[in-house]
1. Output ³J(HN,Hα) for region A:118-132: one whole-Hz value per residue in order, computed from phi by the Karplus curve 6.51 cos²θ - 1.76 cosθ + 1.60 with θ = phi - 60°, and x for Gly and Pro.
2. What total accessible surface area, summed over both chains, is buried at the interface between chains B and A, computed with a 1.4 Å probe and given in Å² to the nearest 100?
3. Between B:ARG57 and A:ALA53, what FRET efficiency follows from the Cβ-Cβ distance if R0 is 35 Å, with the result rounded to 0.05?
4. Find the accessible area per residue for chain A; the probe is 1.4 Å, ligands and nucleic acids are left out, and the unit is Å².
5. Using the alpha carbon gyration tensor of chain A, what are the three equivalent-ellipsoid semi-axes (square root of 5 times each eigenvalue), largest first, in whole Å?
6. Which one of A:GLN48, A:ALA10, A:GLN34 is farthest out on the positive end of the charge dipole of region A:1-92, using unit charges on Cβ (Lys, Arg +1; Asp, Glu -1) and the Cα centre as origin?
7. Can you give the FRET efficiency for B:GLU81 and B:GLU112, using 1/(1 + (r/R0)^6), R0 = 35 Å, r = Cβ-Cβ distance, to the nearest 0.05?
8. If you roll a 1.4 Å probe over chain A with all protein chains in place, what percent of the accessible area is carbon or sulfur?
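The values are calculated or read from the model by the stated rules, or taken from the named source; none is laboratory data. All values derive from a computational prediction rather than experimental measurement. Here the Cβ positions follow ideal geometry from the backbone for every residue, glycine too, while neighbour counts run over all protein chains shown. What goes into the accessible areas is simple: the full protein's heavy atoms, side chains included, and nothing from ligands, DNA or RNA. Shrake-Rupley method; radii C 1.70, N 1.55, O 1.52, S 1.80 Å.
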Amino acid sequence: MTEPDLATAAQKGDAEAFGRLVMSYALVARRVAQGILGNWDEAEDAVQEASLAAWQAIDRYDPSRAFRPWFIRIVANQSLDQLRRRKLRDGEELDEMTPTLTPSPEAMTDRALLRGRIAGAMRLLPERQRTAVTLFDGEGYSHAEIAAILQVPEGTVRSYVFHARRALRKALVSLVEAPA
Amino acid sequence: MTEHSAFDAGRDTEMGDLMAEVLDGPDPSGYLARLGSALAGLPSRRSPWDVLAEWARPSVLVAALAAGFILGMALWQHWREPLAPAGMIPVSVAMLDASRLGETQVIYTVLEER
């Protein structure tokens, strides 16, 4: 069955077809949620909640268009919502989150070292910059699509991506320049 | 890494791949299994028409009963009218009827008093 067939079946109430659609993008969805929330458990919850929301709203999906952007947009919105709720609940300052994924230097290969640096730098990014760069460089969304998700002007998204990239590259450059 | 400017309008795939590696969480198979079981228990989705139909059923029944009652009343009224006493003469006819002078006088008296 093709994606539009599955989507059409899902719109007629076929939960199995809907499940197959969601499962094809489950890993991407978790990456996006993780990029926004910075917490694996919460990211998983966000994907489950987003799947439920997508199931309830499947009538509003246009099967002639790709499912992935529609679904990932719901995941991103759900994650942002969850982040807002968490902030309200904990009074947490997310922009000052500290890295939690830093493997021991002995265990690190060059690639793993790079990943560790990126992970750390990403956690230090302000929430909107992290979301924008995750969607833009990580998932290939356009500035316009990200602007629609974050409900900010396109120029603001460009600025978020610019600042986030600068911060991430700075983290990588410091790694390259660090004495052995 | 390839040299990119932070101003680049295009996607930095190298950075994107690295980010994807960072964001690919632990235990993907466990995650997929958990999501799969959550999806297997999705609540049945009712279309707006189902909801409307459910809501409409009692309303349609009440509306049909009301329509039946009104129709019955109208038919009953219609059937009852021809059964009205045949001997009753409209006032306009009675006034023209010379053989009923007494009645005419009564009518005139009533009208003059108004």
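1. Rounded to whole hertz, the list is 4, 4, x, 5, 5, 5, 8, 6, x, 3, 6, 5, 5, 5, 5.
2. On the way: alone 10600 and 10320 Å², together 17340 Å².
Rounded to the nearest hundred, the buried surface is 3600 Å².
3. Values: r = 29 Å, r/R0 = 0.82.
It comes out at approximately 0.75.
4. Working: 8610 Å² over 180 residues.
I get 48 Å² per residue for this part.
5. On the way: eigenvalues 207, 61, 52 Å².
One finds semi-axes of 32, 18, 16 Å for chain A.
6. Positive-end residue among those listed: A:GLN34.
7. Numbers: r = 33 Å, r/R0 = 0.94.
So, using R0 = 35 Å, E works out to roughly 0.60.
8. Working: 4440 of 8610 Å².
Carbon and sulfur atoms account for 52 percent of the accessible area of chain A.
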